[in-house]
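Report on the following structure.
The values are calculated or read from the model by the stated rules, or taken from the named source; none is laboratory data. Being a predicted model, the structure only gives us computed values, none of them experimental. Neighbour counts are summed over all protein chains in view; Cβ atoms, including those assigned to glycine, are modelled from backbone coordinates with ideal geometry. Accessible surface areas use protein heavy atoms only, side chains included; no ligands, DNA or RNA. Shrake-Rupley method; radii C 1.70, N 1.55, O 1.52, S 1.80 Å.
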Amino acid sequence: DEYKSSWILGYFDGDGSLYRTDSYYSLKFIGTDSLLDWFIEFFVKNGIDCAGKPHNKRHKDDAVSYLSFGGVRKVYDIMSLLYQSVPDSVPMERKYTIYKELKSRLVE
């Protein structure tokens, strides 16, 4: 259990995305339905309200789905959970920079 957030962060750095517009943030995970269900279960166990969150497919016959979250607070809560015990030198710089910008917005 102690390494789950680090594992999810590594997966996210490879197969996830974090977007920012002027005032909106969103993140997305891509994977199998069972993996995305496992992510949701992990987030819920760690206090993030996303129980029953649906995943979607781009096309009806796709083997993989995506799980997306939007909004400043929700994205911040999820990313804070994933980055909580990781040294600054570990995460993908591009995504980590967006997270740090979001964090500074909320702390101000």
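Selection of first residues in region 78-100 that are within 25 Å of E41 (Cα to Cα) and of second residues that are assigned to a loop (DSSP other than H, G, I, E, B) and modelled with pLDDT under 85, restricted to Cβ pairs under 8 Å at least 6 apart or on distinct chains, gives the following pairs, ordered by first then second residue: Y96/D88.
Listed by first and then second residue, the pairs linking a residue in region 1-26 that is more than 16 Å from L102 (Cβ to Cβ) to a residue that is part of a strand (DSSP E or B) and of a type outside the set (A, V, I, L, M, F, W, C), with Cβ atoms under 7 Å apart and 6 or more places separating them unless they lie on different chains, are D15/G31. Any chance region 78-100 includes a residue that's charged (D, E, K, R), within 19 Å of C50 (Cβ to Cβ), open to solvent by 20 Å² or more (accessible area, probe 1.4 Å) and at pLDDT 90 or above? No. Mind checking whether some residue in region 55-70 is touching a residue at least 24 places away in the same chain (Cβ under 8 Å), among the hydrophobic types (A, V, I, L, M, F, W, C), closer than 14 Å to G31 by Cα and outside any loop (DSSP other than H, G, I, E, B)? Yes. The sole residue among F12, F42 that is within 11 Å of the chain's Cα centre (by Cα) and assigned to a helix (DSSP H, G or I) is F12.
Just to be sure, is D37 modelled with pLDDT under 95, of a type outside the set (K, R) and more than 26 Å from R105 (Cα to Cα)? Yes, satisfied. Taking the condition part of a loop (DSSP other than H, G, I, E, B), small (G, A, S) and touching a helix residue (DSSP H, G or I) at 6+ places or on another chain (Cβ under 8 Å), does S85 pass? Taking the combined requirement at face value, the residue satisfies it. The set of residues in region 12-68 that are in contact with a Cys (Cβ under 9 Å, 6 or more places away or on another chain) and open to solvent by 60 Å² or more (accessible area, probe 1.4 Å) contains only V44.
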